[in-house]
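The values are calculated or read from the model by the stated rules, or taken from the named source; none is laboratory data. Treat the numbers as computed from the prediction; the structure is a model and nothing was measured. When we count neighbours, we look across all protein chains shown, and the Cβ atoms used for this are built from the backbone with ideal geometry, even at glycine. Protein only, heavy atoms only, side chains kept; ligands, DNA and RNA dropped before computing areas. Shrake-Rupley method; radii C 1.70, N 1.55, O 1.52, S 1.80 Å.
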Amino acid sequence: MAKNTEKKTVSMKRRQRVGNFFSYLLLIVLSIIWLFPFFGIVMQSFRSYQTEFGGMVNYVIPKQFSLDNYKFLFSGETNFLKWYMNTLIIAAAVAVLQTIIIICTSYALSRMRFKGRNFLMRFWLILGMFPGFLTMICLYFLLKTIGLTQQGAIPGLILVSVASSGMGYYVCKGYMDTVPKALDEAARIDGASRARILFTMMLPMAKPIIIYTALVSFMAPWCDYIFASYIAFGHDSSYNVAVALYRWMKVNDYQGFFTRFCAGGVLVAIPVTALFMSLQKYYVEGVTGGAVKG
Amino acid sequence: MASGESGKKKKGTIKNIISVIGNEFRDIGTTLVRGDWKTKLSYLILGFGQIMRGKFLKGIAFLAVEAAFIVYMIKVGAAYLAKFGTLGTVETVKQGRKTVYGDNSFLILLFGLLTIVFIAFFILVWRMNIKDNAKDEAVLKAGKKLPTNGEDFKSLFDHNFDKTLLALPVLGIFVFTVLPILFMICVAFTNYDKNHQSPTNLFTWVGFENFKNLLSLGGSGFGTTFFSVLLWTLVWALFATFTTYFLGMAVAMLINKKGIRLKKLWRTILVLTIAVPQFVSLLYVSKLFANDGLINALLLRWGWIDKAIPFWTNPGLARVTIVVINIWIGIPYMMLIATGLLMNIPADLYESARIDGANGWQMFSHITLPYMLFVTGPYLLTQFTGNLNNFNVIYLLSGGGPQSMELAGNAGRTDLLITWLYKLTVNDTNYRMAAVIGIMVFIVTAIISLVVYNILPSVKDEEGFQ
């Protein structure tokens, strides 16, 4: 009997080992697929502009490594540094303001029961079903009347991204709902006001979700092409990196700008990726919670 | 406004609403008859009663709203409202070198709407004012004291904290979402396009003409294009949602498997596609698959193919390529979500299944899948509606192309409704049709959400999976 089980475990172990071998093989293949584009973009950003070609070629690893493309970005021939700063300013401002707005909305909807609460939530849900770009022209003219297009595109973009952010309360509210209400009640009995409960109790407890909210709001502006290009229209120094680099690829002769785009892309991706990776734990918590509660 | 109505309709029947409105009117009437002179005067001068009863803070706030409303109506509102029916009649004319501007239809429509909303808002405030007066009177009659100004102010941080918190978000959403949406709904009923651009040209109401155009299948109509784009949008959303859902779950199970080491490393590698801004990764990948891109160039160099594979120029292939690249983008999200959820499934469920002689596939289809579908139902729905409007992936990869002469309004073979809407707005300045398509997107999203939401097991039966 003992021998029999031993035999069984040995054969199971072997089967498991074979299974694991294929699993590892699959994981390695997946990793190569996932990493290849990033590997390619980094390699091509180092391709020499002088001795080789700035466009499409049929090899990945450059024949001569050089910093030509990076030098070009910092040379002042284009507004790259300005674009970068623009994006950084927008992202930082949006991250702070949007997080504040979402916390306010979530706390009110999670903890307070007031007249029109259900109506508000339903109304916002329905509003969310309208496609965002539908309102683009109207927003453009609204911003134009207060001077926040072209030269003023950066505060304009911040305003638009922050103004409607209250509708994105779902994940944060869902998290706050899980904080026991008994804690609130105990604090209320001790004479704490609603505002005090928010600041001294809810904020520390909701820290993971606040970090998640700030992270997501910080990352979104780096990709904002559509609206940014529309309201900065034709005003080069108001572009953000997405608009500027997209133009290099699609509007300009991309054969000359391809490796420069790669270099710019690498510079954009590094800080965002580093930030994301360091806060990954909070991100996972946010998306998982959000997915389950819907 | 349409959305507001449909929101209310959900709450009850039309009959219900009528009885509520009836009660409101009766209440306004009885308060007027029975109220004292302070209350009665408050019908005309908002906040009068409150000020006379010592509640200066509230009273002045009401009075300020009334003053602002009157000033706005006289200075701006009335003039625009009067022209709202025609959207302007005075044409812009050129007198020699000078251009004399006439009516600006755009501003008339925008401010006309704003004025209507302000009127509604004012009526609401007026009603609140009456209610507040009646309440104060009753409190005083009962011999109790009214809250002082200080208490009123403090309550904004306590039991009225919701008003303080929500004031800014609600205002922001109103100005930058509700008002523009109302505006665009109106635009769908006008002839606002490149031949009717304000301020040089007027535009006006045309009724349902644009909707007829959208659904007309004949020569110059948008009908054929609309249905072909709509079909692709639905097919795309279906594929994009379910391929990433199942493959993401599979990858999560692969990494979760017992005996696999370096779990964190594998996850981190996959998560890179979330971390790197999409416009960098997707633009690069789109060039990777271009006719002169790296993939074709390498395959040509190795002699595997003689001619570049037309990833982006062949309509069918472009669609397949987009779905495949979307898997690359979408798997990591689902993997992250599934990883946590899979660990929540009690291990003894699998244990007892194994004792009963179930194989891997049976365990997956009888335990894992039902659990995952149950828990992630709402996520699947939001993913699906999100994919219906997945602008970034389509626009950055193929730009909606390849273009086709058979399609109207510059639509391409991989265009979704949303990217088509964008093209109509930016390239063609065909605002009237863009607005109609926007409304269609809303209708499609709303119908799908409503139907799916009502059949979701986790909504029907919250305790179902125990």
Failed item, numbered, when B:THR339 is tested on (1) within 10 Å of another protein chain (Cβ to nearest Cβ); (2) open to solvent by 70 Å² or more (accessible area, probe 1.4 Å); (3) among the hydroxyl-bearing types (Ser, Thr, Tyr) | (2)
Are any residues in segment B:266-286 of a type in the set (Phe, Trp, Tyr) and open to solvent by less than 10 Å² (accessible area, probe 1.4 Å), and if so, which ones?
-> B:PHE279, B:TYR284
Go through segment A:22-32 and count every residue that is at the interface with chain B (Cβ under 7 Å from one of its Cβ atoms) and surrounded by fewer than 12 Cβ atoms within 10 Å (Cβ to Cβ).
-> 0
Hey, could you check segment A:165-198 for residues that are out of contact with any Phe, Trp or Tyr (no Cβ under 9 Å at 6 or more places or on another chain) and under 25 Å from B:PHE174 (Cα atoms) and say which is most open to solvent (accessible area, probe 1.4 Å)?
-> A:TYR170
Across segment B:73-120, which residue is nearest to B:VAL206 (Cα to Cα) among those that are open to solvent by 60 Å² or more (accessible area, probe 1.4 Å) and in contact with an Asp or Glu (Cβ under 9 Å, 6 or more places away or on another chain)?
-> B:THR86
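Considering only residues that are buried (at least 20 other Cβ atoms within 10 Å of the Cβ) and not polar (S, T, N, Q), which ones fall in segment B:197-213? Let's see the steps before the verdict.
Within segment B:197-213, the first condition is being buried (at least 20 other Cβ atoms within 10 Å of the Cβ), and the residues that meet it are B:198, B:202-203, B:210.
Residues satisfying the conditions are B:LEU202, B:PHE203.
Every residue, every condition in (1) touching a residue at least 40 places away in the same chain (Cβ under 8 Å); (2) among the basic types (Lys, Arg), yes or no:
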residue: A:ALA182; (1), (2): no, no
residue: A:ILE189; (1), (2): no, no
residue: A:LEU198; (1), (2): yes, no
residue: A:MET201; (1), (2): no, no
residue: A:LYS207; (1), (2): no, yes
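Can you tell me which of A:MET136, A:MET201 is more than 12 Å from chain B (Cβ to nearest Cβ), assigned to a helix (DSSP H, G or I) and buried (at least 16 other Cβ atoms within 10 Å of the Cβ)? Can you show your working first?
Working: A:MET136 fails: more than 12 Å from chain B (Cβ to nearest Cβ).
Going through A:MET136, A:MET201 in turn, just one is more than 12 Å from chain B (Cβ to nearest Cβ), assigned to a helix (DSSP H, G or I) and buried (at least 16 other Cβ atoms within 10 Å of the Cβ): A:MET201.
Got a number for residues in segment B:378-425 being farther than 22 Å from B:PHE239 by Cβ and at the interface with chain A (Cβ under 7 Å from one of its Cβ atoms)? Talk me through it step by step, then tell me what you get.
From segment B:378-425, those farther than 22 Å from B:PHE239 by Cβ are B:403, B:405-406, B:408-410, B:423-425; that's our starting set.
Keeping just the survivors that are at the interface with chain A (Cβ under 7 Å from one of its Cβ atoms) gives B:425.
The total comes to 1.
Name the residues in segment B:376-416 that are part of a helix (DSSP H, G or I), open to solvent by less than 20 Å² (accessible area, probe 1.4 Å) and touching a Ser or Thr at 6+ places or on another chain (Cβ under 8 Å), would you?
B:GLY377, B:ASN387, B:LEU388, B:PHE391, B:ILE394, B:LEU396, B:LEU397 - these are the residues of segment B:376-416 that are part of a helix (DSSP H, G or I), open to solvent by less than 20 Å² (accessible area, probe 1.4 Å) and touching a Ser or Thr at 6+ places or on another chain (Cβ under 8 Å).
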Would you check if B:ASN296 is over 28 Å from A:MET219 (Cα atoms), open to solvent by 10 Å² or more (accessible area, probe 1.4 Å) and within 11 Å of another protein chain (Cβ to nearest Cβ)?
-> no
Kindly check whether there is at least one residue in segment B:186-201 that is closer than 23 Å to A:PHE130 by Cβ, at pLDDT 85 or above and part of a helix (DSSP H, G or I).
-> yes
Being within 23 Å of B:MET343 (Cα to Cα), more than 7 Å from chain A (Cβ to nearest Cβ), at pLDDT below 90 and surrounded by 17 or more Cβ atoms within 10 Å (Cβ to Cβ), is that true of even one residue in segment B:232-248?
-> no
Name the single residue, out of those in segment A:110-120 being within 20 Å of A:GLU185 (Cα to Cα) and facing another protein chain (nearest Cβ under 8 Å), that is most open to solvent (accessible area, probe 1.4 Å).
-> A:PHE114
If A:ALA163 passes every condition in (1) farther than 29 Å from A:ALA244 by Cα; (2) facing chain B (nearest Cβ under 10 Å) but one, which one does it miss?
-> (1)
(1) over 33 Å from the mean Cα position of the chain (by Cα); (2) more than 14 Å from every other protein chain (Cβ to nearest Cβ); (3) open to solvent by 40 Å² or more (accessible area, probe 1.4 Å): which one isn't true of B:ILE367, the others all being true?
-> (3)
Residue count for segment A:140-158, restricted to those that are within 14 Å of chain B (Cβ to nearest Cβ), buried (at least 18 other Cβ atoms within 10 Å of the Cβ) and under 23 Å from the mean Cα position of the chain (by Cα) = 3
